[in-house]
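Peer 1: Please see the structure below; I have some questions.
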Amino acid sequence: MNRRVSIVIVTVFLSAFSFLALTEEEVQETYFQIVKWIEIYSASVKELITYYVDPVPPEKLVKNAIEGMTEILDPYTEFIPEEKMDEFRMQSTGKYGGIGAVVSKRDSLVMIADPYIGFPAYKAGLRAGDYILKINGRSVVGWKLEDVTDLLRGTPGSKVTVTVYRPFVNDTFDVVITRAEIKIDPITYANVLFRDSSIYYIKLRSFTQGLGRELRQTLRKALEEHKPEGIILDLRGNPGGLLNEAILVANVFIPQGKIIVTTKGRIPEWERVYRAPLSAVDTSTPLAVLVNGSSASASEIVAGAIQDWDRGVVIGETTFGKGLVQTTRNLPYNAKLKLTIARYYTPSGRSIQALIYTHKHTGKKAIEVPDSLREEFKTDAGRTVYSGNGIEPDVKIELPEMPHILRALIRENIIFDFATKFYHEHDTIPPPVAFQITKDIYEEFVQFVKSRNFKYETPSDKKLKQLKEQLKKDKFWNEEAEKYVSGLKEFLEKEKERDIYDEADLIKWQLEQEIVRRYYGQKGAIEAFLEKDIYLDSALVILKDTERYKKVLSP
């Protein structure tokens, strides 16, 4: 029976291979290898479920085997079982049935990290920092995050009862929430800047269905109402999404008929040239595109097209470097396979893929594209750009390293918890751009940090530990050495105690964003962030200086 099944499967495989022009010998070898390993696989499953010391769910063995196949290819090829289809659809459409809140894991509990203002969770009274103890009377303490998320999601209109513990108020209560269709707006923020009303700023969250149409409408309205002297398109932290939406977003700024992206795969079907299908909304207003190392995929298609056509200035850090295209194929039982089917190329012809996965199936790790394989290309105006390393910005921004104390305060959730405490103690605060951490508020924060017995380790601490271990290993450890190391440790602790004041400006900025988010949501937090954003500083300088803007876009 195994052999009959194998023959059927191989026949299907070979019909798929027919268009690849395999020789007769290659067909026979492929046939033999597939039959051989399918028989070995099916026999292995049979032996495991029959004789393994503990009961083994056969479906898990098979599912893990499929996931193992995709794992040896690239990070973007994956098996999507039926139970994960809701999550997959949400990533594509930005829609799902649920309560409308970001949740995160804190120790053994799941916490409301960010309830979206205007959505069911927020309307029902849930706030950031609330802990979920039960769902529909069932304790979820110790549960995995995804299991809790699955329980919170459901058909729009259905109800879910959540038992919540609220810290700093020390209250436990039940909340009945009516689920709704949650549509996450792919445009996180769009408005003139408070810092300069002549500049229109747009931040995109992801490239989900409808983004191109929505951006087109948003920008048309902005051009009519505000007549901006410059536009900033912020793609920082945007992981990408749908290819067709990336084309439509680029088309907002690039004229109809111009190449946006080209794809090339093993199959001729995937060798396509995608051109801007519609009339552009704006082709002349000075444009700055903000990117960083987390701008990937569709974000890079847009940034690459704008850079190659010299339509705007790309500002920031080199992007992620994902130049691979995925599609989904339907599988039996409502499952899907998302697989990489092509590489994409910007209008100038460059691939921005930064890692090579070609030999990953042999057990070797992915490698960065070496300098020797990076090719030189030209933008429409003749500027030099390179392949193989993401989109390199026209104007590079080097962010200062985050202070160790700030990194630790964020990691230990101390800034988050102080914002939660502050929110429950203050009914209102001024608007986002007016709110500031005063001296009194900061001193209150310092005392809060001390109450948490906050400790953090710096590279110097690690080096000192290594020195101590090395001294012991070399048999130099004695009373004098111990005194010397203890003196250095005492010195470091005193210096670290001053850090909370020495780094106060950056810590206050993070505090302002977190507190503002409690009262005004994500849009308010963005406004607070933009007040001191050095990327924005650079973009404003270039957009306001016509000669410099032209110079950056010149060969």
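Bear in mind these aren't lab numbers, they're just calculated from the coordinates by the rules spelled out. What you are looking at is a predicted structure, and each value in this text was computed from that prediction instead of being measured. Cβ coordinates were reconstructed from backbone atoms using ideal geometry, including for glycine residues, and neighbour counts include every protein chain displayed.
Peer 1: Give me the number: length gained by fully extending Glu444 to Tyr456, i.e. 0.36 nm times residue separation minus the C-alpha to C-alpha distance, one decimal in nm.
Peer 2: Contour length minus Cα-Cα distance gives 2.3 nm.
Peer 1: For a quick protection proxy, order the peptides 474-487, 126-139 by their average other-Cβ count within 10 Å, most packed first.
Peer 2: My ranking of the peptides, most packed first, is 126-139, 474-487.
Peer 1: Calculate the tail of P(r) for the chain: the fraction of all Cα-Cα distances greater than 39 Å, expressed in %.
Peer 2: Taking all Cα-Cα pairs of the chain, the fraction more than 39 Å apart is 43 percent.
Peer 1: Distance between the C-alpha centers of the range 449-476 and the range 331-403? Whole Å please.
Peer 2: Value for the Cα centre distance between the two parts: 39 Å.
Peer 1: Counting Lys and Arg as +1 and Asp and Glu as -1, what is the net charge of the other residues whose Cβ lies under 13 Å from the Cβ of Gln33?
Peer 2: Net charge in that neighbourhood comes out at -3.
Peer 1: Output wanted: per-residue J couplings in Hz (rounded whole) for the range 470-479, from phi through Karplus 6.51 cos²θ - 1.76 cosθ + 1.60, θ = phi - 60°, x for Gly and Pro.
Peer 2: Couplings: 5, 4, 5, 5, 7, 6, 9, 7, 8, 4 Hz.
Peer 1: Counting other beta carbons within 10 Å of each residue's own, what order do Asp86, Asp171 fall into, fewest first?
Peer 2: Lowest to highest Cβ neighbour count: Asp171, Asp86.
Peer 1: Let me ask something else about it. Evaluate E = 1/(1 + (r/R0)^6) for Phe168 and Lys84, where r is the Cβ-Cβ distance and R0 equals 30 Å; express this FRET efficiency to the nearest 0.05.
Peer 2: The formula returns an efficiency of 0.25 here.
Peer 1: How do Ile315, Ile415 rank when sorted from fewest to most other Cβ atoms within 10 Å of their own Cβ?
Peer 2: Ile415, Ile315
Peer 1: Then there is this: Excluding Ala305 itself, calculate the net charge of residues whose Cβ lies under 11 Å from the Cβ of Ala305, where each Lys or Arg counts +1 and each Asp or Glu counts -1. Don't skip to the end; give the middle numbers.
Peer 2: On the way: positive: Lys258, Arg275, Arg311; negative: Glu300, Asp308, Asp310, Asp380.
With Lys, Arg at +1 and Asp, Glu at -1, the net is -1.
Peer 1: Too long at a 18 Å Cα-Cα cut-off: which of Lys227/Lys550; Lys450/Lys508; Lys322/Lys532; Lys46/Lys336?
Peer 2: With Cα atoms farther than 18 Å apart: Lys227/Lys550; Lys322/Lys532; Lys46/Lys336.
Peer 1: Fewest Cβ neighbours within 10 Å first, please rank Lys264, Lys227 accordingly.
Peer 2: Lys227, Lys264
Peer 1: What is the sum of charges around Ile49, taking Lys and Arg as +1, Asp and Glu as -1, for the other residues whose C-beta is under 15 Å from the C-beta of Ile49?
Peer 2: Taking every Cβ under 15 Å from that of Ile49, the sum is 0.
Peer 1: Show which aspartates and glutamates lie in cross-link reach of Lys365 when reach means a straight Cα distance below 17 angstrom and same-chain residues fewer than eight apart are skipped.
Peer 2: Counting by Cα, and skipping residues close in sequence, Lys365 has these aspartates and glutamates nearby: Glu71, Asp74.
Peer 1: Can you find, among Val162, Val110, Ile49, the residue sitting farthest towards the positive end of the charge dipole of the range 31-167, where Lys and Arg contribute +1 and Asp and Glu -1 at Cβ?
Peer 2: The Cα lying farthest towards the positive end belongs to Val162.
Peer 1: Further question: Using alpha-carbon positions, what is the distance between the centroids of the range 480-517 and the range 137-182, in Å?
Peer 2: The distance from the Cα centre of the range 480-517 to that of the range 137-182 comes to 38 Å.
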